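As structure tokens, the structure follows; a few thoughts come after it.
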4 protein chains.
Amino acid sequence: MCRIAAYQGPDIPLERIVTRPAHSLLSQSRHATEAPIPVNGDGFGLAWYRPDMTEPGLYRDVLPAWADANLQNLCRMVSAPVFIAHVRASTMGETSRANCHPFVSGAWSFCHNGQVPHFAAIRRSMDAALPDALHAQRQGTTDSEMIFLTLLALGLADDPAQALRALLPRITPPAGAAPLRLTCVFSDGARMFGFRHASDGACPSLYVSGRLDSGGRAIASEPLCCQTTAWEALEPDTLYCLSHGTLTATRITP
Amino acid sequence: MCRIAAYQGPDIPLERIVTRPAHSLLSQSRHATEAPIPVNGDGFGLAWYRPDMTEPGLYRDVLPAWADANLQNLCRMVSAPVFIAHVRASTMGETSRANCHPFVSGAWSFCHNGQVPHFAAIRRSMDAALPDALHAQRQGTTDSEMIFLTLLALGLADDPAQALRALLPRITPPAGAAPLRLTCVFSDGARMFGFRHASDGACPSLYVSGRLDSGGRAIASEPLCCQTTAWEALEPDTLYCLSHGTLTATRITP
Amino acid sequence: MCRIAAYQGPDIPLERIVTRPAHSLLSQSRHATEAPIPVNGDGFGLAWYRPDMTEPGLYRDVLPAWADANLQNLCRMVSAPVFIAHVRASTMGETSRANCHPFVSGAWSFCHNGQVPHFAAIRRSMDAALPDALHAQRQGTTDSEMIFLTLLALGLADDPAQALRALLPRITPPAGAAPLRLTCVFSDGARMFGFRHASDGACPSLYVSGRLDSGGRAIASEPLCCQTTAWEALEPDTLYCLSHGTLTATRITP
Amino acid sequence: MCRIAAYQGPDIPLERIVTRPAHSLLSQSRHATEAPIPVNGDGFGLAWYRPDMTEPGLYRDVLPAWADANLQNLCRMVSAPVFIAHVRASTMGETSRANCHPFVSGAWSFCHNGQVPHFAAIRRSMDAALPDALHAQRQGTTDSEMIFLTLLALGLADDPAQALRALLPRITPPAGAAPLRLTCVFSDGARMFGFRHASDGACPSLYVSGRLDSGGRAIASEPLCCQTTAWEALEPDTLYCLSHGTLTATRITP
């Protein structure tokens, strides 16, 4: 499992979400409270947007987030109106930057917390289903990156809700298999999306904040606590979109 | 806090201690049961000896041990009659190889689990007390490396018990300060030593195994479990020496 | 371009080939003399065999070889009868361990120096042509790993010469494109193979030594110099096999 | 030897100095033309200032600069009015972040290109001469960091020229020894300083640009070329100070 924290609103230093709150993403990397594994030490990443540029900046490394002084500096110095950060807990294999979230393609960035339990069995067919241009962007080996590229192939840019609806049948495991868990946060630089789904109903957690001091709002795996604002759990099977401070919800019937 | 595992006896693959047992050092790096912090993800290291060479091999990296495929390979392929491994939990600062244990000097290797609470206050004077040759070997910034170099300066090679006796007053904090915690395992390639001490009596754990299947014995922060042999907790303030399968104990009155 | 050094014969410390000779692989990583780029600082790797184990050990990292103290230690401490080492010069992209050579599958290890100029165009079809079991082993994004998996699919284990003959038409670029360059060294733990080919005749260099002091022989991108033994350039389009100190050659007509 | 590039003037994206020019610092990391070693692959670093913050941001890593996608992203996304970047060529030892430049203390950042040939002999006395507060900041083992801390101890913040004058006798080698080489660039966030000195007159190169398109000016080990502006070599034994676009020079008689 992994932990995610994202923000949309007026420019704030990244540290206000990522490293400073009492239960910041950095804190969650060591002491997650709503995940089966409390430690997320298998790499981290950060995508942030500038209003005058389409493509986000991307910073990823294989160290635990808590051990990286560069991350502390970056979060202190860089301000942005939209950003997503992720700390990773891998269940297997060696950590590489290419397998760290967020994944980025054009204006889009994407973070995932969950698992496609039968990914080994469907990896080839998902791979084969990608258009050439997206196939060429594949850099790592994770199910998460494959989900992102597949969403793009299914029209994420035009209709995110429809892309999710088309995705779910493709990655839902056969009856009797371990459950699909899919909690994801993604952005095109203007809107911030959050979505949770699990084939057995047990979705990884995801919350949205009320209005923060900055006037913006956050979406995170666990409430960042120190903000004087209420946090609400997001409903499963519903695509939430944060845009200009307003949260809209679209039902995704799988 | 950190976790340590060491072995002395007939040649065995390192994996028999480091990566394969049910509660191997690798397992303890994620799920330590007798330490205040269960995760030791701030680097690791390994020193191993060859009968025909004086200086041990040293392998250290800043990744969590569980994320390093090289470590798995090394432990599977390399056999040794004497070796020490360490996984690190840092309380502060950036991880660097120079701050990972074991530390090595000539034939000696040294691992530490504990803290010198007032190290910032005594670092300069400890530094100044080192002979030139040892001072020149200092590569990092930890209290652990400084303890090792100081032990060498105090005659570790000639009389380990006496060196420890001379060390303790130099690093014991003043009354009212946080306690000194000093659990260490060290070797000259022939003998394996273990020692625990705390100024408040609450020493980090350390155990010695009975005779393992290989005929050798292990010293470890926590029993490796899967071995069909009893483990005994080492008494505080006593220097244990494992040599040719025999354990001797020397009282260290501080 | 990259540099390769390999050995077969009686057990020797890896340092005798990798780090100690005047023009060792380590030296070639900084000062290659027969390559268009003299610096090979984009990661390195090492595969070595034990007589009593089928699968080789694998050690790879993304640092320049010259900056890795672990590599120095490993090469000093570990002896083997068969091993391959590689230093990498990447023309593009971020370095990851998964893209460092050697690649390993079962008993086989494989290093490559060269390029498939139109790899982006044929990557999908090469990918699709792999059997499931080999497809599942793909960890990185390089043409080199794909060549290795394709050779395995084409029967490398049964008939290496035939596998190479079948490979070449699959990766030869169309007329007018940049040339294919393929110099590779690979082993099954008993035999060491070397092969050079280029669609324009300009193959990356590859040499075989005479009998070294140890009684074994080496294959390397550039002579290691300090050995008191003659080095011969290997002929292009010929598969060389070093086994029990004897070199045999098989013509590969593409 | 190392390569340095720095900027002062109106805000520009870091990439305009670090990664984009034809002979950018990134290009110099692979193909330095005015240094004895053309490759600077032993780590890199970046310090940049925000007008509203005293302490600079710091980003350092041990990879070669050319292999770090994070650096590319950072330089594309971050703009600053004052920044220094450095690529490192180490002559010995393992690379660690603590030994990468720039070094930072409070508002000051410092990069060095050169060598104190007898540093091993004077390291202890330089160490002993540091006030406690600066001694406690020492993180690595380089002569460069020691020079920086010593300059601070000698009053860098009050009178940089005087601090340099006081420094030189402390680090000048005895007659007959290898020469001292000291080319350094440093900043307090408002002013950018450059200085070259060598005890044998053979200083590492350092240039200042004329007015760039942005209206600012750069100081660099080698001209960045693509700028349509003349570059001048800085005179040895002269402290240059770039402030609000004006360059002043102060003679440093050693």
*Which residues of the range C:116-155 show a drop of at least 50 Å² in accessible area when all protein chains are present, compared with their chain alone (probe radius 1.4 Å, heavy atoms only, ligands and nucleic acids excluded)?*
C:Arg123, C:Arg124, C:His135
_Dimensionless Rg over Rh [chain D; C-alpha; Kirkwood]_ = 0.93
*For A:Arg251, inter-copy label distances in nm, listed shortest first [label point 7 Å out on the Cα-Cβ vector]*: 7.5, 7.9, 8.6
*Express in % the proportion of alpha carbon pairs of the protein assembly as shown at distances exceeding 47 Å.*
31
*Placing +1 at every Lys and Arg Cβ and -1 at every Asp and Glu Cβ, with all other atoms neutral, what dipole size does the range C:1-95 have around its Cα centre, in debye to the nearest 20?*
220
*Which of B:Ser96, B:Ser144, B:Ser187 moves most in a GNM of chain B, Cα contacts under 10 Å?*
B:Ser96
*Hey, rough spin-label estimate for D:Thr246 and C:Thr246, points 7 angstrom out along Cα→Cβ, what's it come to in nanometres?*
8.5
*Obtain the nm distance between the two label points defined at D:Thr33 and D:Ile122 by a simple spin-label model: each point lies 7 Å from its Cα along the Cα-to-C-beta direction.*
3.4
*Roughly how big is the protein assembly as shown's charge dipole about its Cα centre, with Cβ charges of +1 (Lys, Arg) and -1 (Asp, Glu), in debye to the nearest 20?*
0
*Summing +1 for each Lys or Arg and -1 for each Asp or Glu, what net charge is found among the other residues whose Cβ lies under 12 Å from the Cβ of B:Ser243?*
+1
*Distance from the range A:12-37 to the range C:174-217 (C-alpha centre basis), Å*: 51
*What is the spin-label model distance, in nm, from B:Ala233 to D:Met53 if the labels are put 7 Å beyond Cα along the C-beta direction?*
4.7
_Give me, ordered by chain and number, the residues 5 or more places off D:Ile12 or on other chains with an amide H under 5 Å from its own placed amide H._
D:Ala80
*Distances in nm from C:Pro10 to the matching label points in the other copies, shortest first (labels 7 Å along Cα to Cβ)*: 2.6, 7.5, 7.9
*Roughly how much of B:Phe193 is accessible, in Å² to the nearest 10, using a 1.4 Å probe?*
10
*asked:* Please compute the per residue accessible area over chain C with all protein chains in place, 1.4 Å probe, rounded to a whole number of Å².
replied: 34
*Global geometry of the range B:182-231, whether rounded, prolate or oblate, following the gyration tensor of its Cα atoms and the 1.5 cut on a/c*: oblate
_How charged is the neighbourhood of D:Pro131? Take every other residue with its Cβ under 12 Å from the Cβ of D:Pro131, and add Lys/Arg as +1 and Asp/Glu as -1._
0
*Is the shape of the range D:115-253 best called rounded, prolate or oblate, per the rule: a/c under 1.5 gives rounded, else a/b larger than b/c gives prolate, else oblate, with a ≥ b ≥ c the square roots of the Cα gyration tensor eigenvalues?*
prolate
*Averaging sequence separations of C-alpha pairs under 8 Å and six or more residues apart, then dividing by the length of the range C:3-251, give the relative contact order as a whole percent.*
22
*asked:* Distances in nm, one decimal, shortest first, from A:Ala233 to the same residue in every other copy, taking the label point 7 angstrom along Cα→Cβ.
replied: 4.1, 7.2, 7.2
*Which of B:Gly189, B:Gly43, B:Gly57 moves the most in a Gaussian network model of chain B with Cα springs under 10 Å?*
B:Gly57
*Considering every residue in A:55-62, what mean count of other chain Cβ atoms within 10 Å of its Cβ is obtained?*
5
*At 222 nm, what helix-only mean residue ellipticity would chain C give, in deg cm²/dmol to the nearest 500, using -39500 (n - 2.57) for each DSSP H run of four or more?*
-6000 deg cm²/dmol
*What shape does the range D:28-176 take by its C-alpha gyration tensor, where a ≥ b ≥ c are the square roots of the eigenvalues and a/c under 1.5 counts as rounded, a/b above b/c as prolate, and the rest as oblate?*
oblate
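Tally up the carbon and sulfur contribution to the accessible surface of the protein assembly as shown as a whole percent, 1.4 Å probe, everything protein left in place.
52
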_Could you identify which residue out of D:Gln28, D:Gln137, D:Gln72 has the top mean-square fluctuation in a GNM of chain D using Cα springs shorter than 10 Å?_
D:Gln137
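With solvent modelled as a 1.4 Å probe, how much accessible area in total do chains C and D shield from it at their shared surface, in Å² to the nearest 100?
Details: alone 10650 and 10660 Å², together 20240 Å².
Roughly 1100 Å².
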*Hey, if we sort C:Glu232, D:Glu94 by accessible area with the 1.4 Å probe, largest down, what's the order?*
C:Glu232, D:Glu94
*Out of C:Met53, C:Leu242, C:Gln28, whose Cα points farthest toward the positive end of the dipole of the range C:3-251 (charges: +1 Lys, Arg; -1 Asp, Glu; placed on Cβ)?*
C:Gln28
_chain D, dipole about Cα centre (Lys/Arg Cβ +1, Asp/Glu Cβ -1), debye to the nearest 20_ = 160
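The values are calculated or read from the model by the stated rules, or taken from the named source; none is laboratory data. As the structure is a computational prediction, the values presented were derived from the model and not from experiment. Glycine also receives a Cβ, built like all others from the backbone with ideal geometry; neighbour counts cover every protein chain displayed. When the accessible area is computed, the model is the full protein with side chains, heavy atoms only, and any ligands, DNA or RNA have been set aside. Shrake-Rupley method; radii C 1.70, N 1.55, O 1.52, S 1.80 Å.
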